[in-house]
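As structure tokens, the structure follows; a few thoughts come after it.
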Amino acid sequence: MLIAGNWKMFKGPEEAGVFCRALRDADLGEVDVVVCPPYVSLGEAVGALAGTEIGVAAQNVHWAAEGAFTGEISAPMLRELGVYVAIVGHSERRQLFGETDETVVRRALAAIEHGLHVIACVGETEAEREAGETGSVLRRQVGAIAAGLNEAGVAETDELVIAYEPVWAIGTGKTATPEMAQEAHALVKSILNVPVLYGGSVKPENAYELASQPDVDGALVGGASLDLESFATICREASHS
Ligand code: PGA
């Protein structure tokens, strides 16, 4: 069971340091825990969590090792900082910053080739769900990642986790029902047999029930990961599931 806290564009270095030092002493149950601060706070988080089992992830990563790519950060740069995990394809990047299935695959593959673990996000919009297209959207998004891995000859990988995040549930307070999550996770796993996290308004109140679904292997938590007590409670609830 993996619980990842996606801080998005919250917590600069100072706040990140304070949070991570407190996280060291928090009761997080028996789950694997990762925090995903903004780039500028990664170094602070790595320092504050050194010597613990808590991982630090970047929220994105570029496919090139270096080059003329203004505003991007590469996998070797993250590794140099002590960061060994990266999120790719978050729906905010797909919707607001032009990320496509193709660029998500390029980012994921390069990160894996450089020795990072990857959390690749997929999920349907509200309109797609209402149109009955959830399955086809997931097949397209996950299928692109599976095809990319195959082409690169890394069909079997322990470095990849998928996060199923229905776009309509992100930051909205609307959560997929545990049954909806289970159905989507089973579909994802039928295409690519990797652990699948659920994301979208995960809170202390719903973490246990979601994490109890057989194909839910953890959570990617946004808003509720910014508060220490709420994040620690989610970790403990998932740990009991
Ligand atoms: P949320 O965000 O928990 O605030 O809905 C989840 C995410 O975007 O990863």
Worksheet item: Are there any pairs with C-beta distances below 9 angstrom linking a residue in segment 7-24 that is free of Cβ contacts under 8 Å to residues at least 12 places away in the same chain to a residue that is of a type outside the set (Lys, Arg) and buried (at least 21 other Cβ atoms within 10 Å of the Cβ), with the two at least 6 apart or on different chains, and if so which?
Response: 18/48
Discussion item. Name the residue that is farthest from the ligand (Cβ to nearest atom), counting only residues in segment 198-209 that are charged (D, E, K, R) and over 14 Å from residue 5 (Cβ atoms).
Written reply: 209
Worksheet entry | Residue that is nearest to residue 55 (Cα to Cα), among those in segment 84-105 that are among the β-branched types (Val, Ile, Thr) and more than 16 Å from the chain's Cα centre (by Cα) | 103
Practice prompt. Test each condition in (1) surrounded by 19 or more Cβ atoms within 10 Å (Cβ to Cβ); (2) over 17 Å from the mean Cα position of the chain (by Cα); (3) under 21 Å from residue 199 (Cα atoms) for residue 149 and report the one that comes out false.
Written response: (3)
Discussion item. Between 157, 172, which is modelled with pLDDT under 95, away from the ligand (no atom under 16 Å from the Cβ), of a type in the set (Ser, Thr, Tyr) and within 18 Å of the chain's Cα centre (by Cα)?
Written reply: 157
Fill in: Output for segment 114-140, where each listed residue is in contact (Cβ under 8 Å) with a residue 40 or more places away in the chain and touching a Phe, Trp or Tyr at 6+ places or on another chain (Cβ under 9 Å)
115, 116, 117, 121, 122, 123, 124, 125, 126, 138
Practice prompt. Give the residue, chosen from 64, 26, 22, 68, that is modelled with pLDDT of 95 or more, assigned to a helix (DSSP H, G or I), more than 13 Å from the chain's Cα centre (by Cα) and surrounded by fewer than 19 Cβ atoms within 10 Å (Cβ to Cβ).
Written response: 22
Practice prompt. Return yes or no: is residue 132 on the phi > 0 side of the Ramachandran plot and more than 16 Å from the ligand (Cβ to nearest atom)?
Written response: yes
Worksheet item: Is there a residue being aliphatic (A, V, I, L, M), buried (at least 21 other Cβ atoms within 10 Å of the Cβ), within 15 Å of the ligand (Cβ to nearest atom) and within 24 Å of residue 83 (Cβ to Cβ) anywhere in segment 179-197?
Response: yes
Discussion item. Being touching a Ser or Thr at 6+ places or on another chain (Cβ under 9 Å), in contact (Cβ under 8 Å) with a residue 60 or more places away in the chain and surrounded by 15 or more Cβ atoms within 10 Å (Cβ to Cβ): is that true of residue 161 here?
Written reply: no
Discussion item. Residues that are more than 11 Å from the ligand (Cβ to nearest atom), of a type in the set (Asp, Glu) and over 18 Å from the mean Cα position of the chain (by Cα): does segment 210-222 have at least one?
Written reply: no
Worksheet item: Which is under 26 Å from residue 211 (Cα atoms) and free of Cβ contacts under 8 Å to residues at least 60 places away in the same chain, of 56, 46, 33, 40?
Response: 56
Discussion item. Return the pair list, or none, for Cβ contacts closer than 7 Å from residues in segment 82-103 that are in contact (Cβ under 8 Å) with a residue 40 or more places away in the chain and crowded, with 18+ Cβ neighbours inside 10 Å to residues that are among the β-branched types (Val, Ile, Thr) and in a helix (DSSP H, G or I), at least 6 apart or on different chains.
Written reply: 83/46; 89/104; 91/167
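The values are calculated or read from the model by the stated rules, or taken from the named source; none is laboratory data. Remember, predicted model here, so these are calculated numbers, not experimental data. Note: ideal-geometry Cβ built from the backbone for every residue, glycine included; neighbour counts use all protein chains shown.
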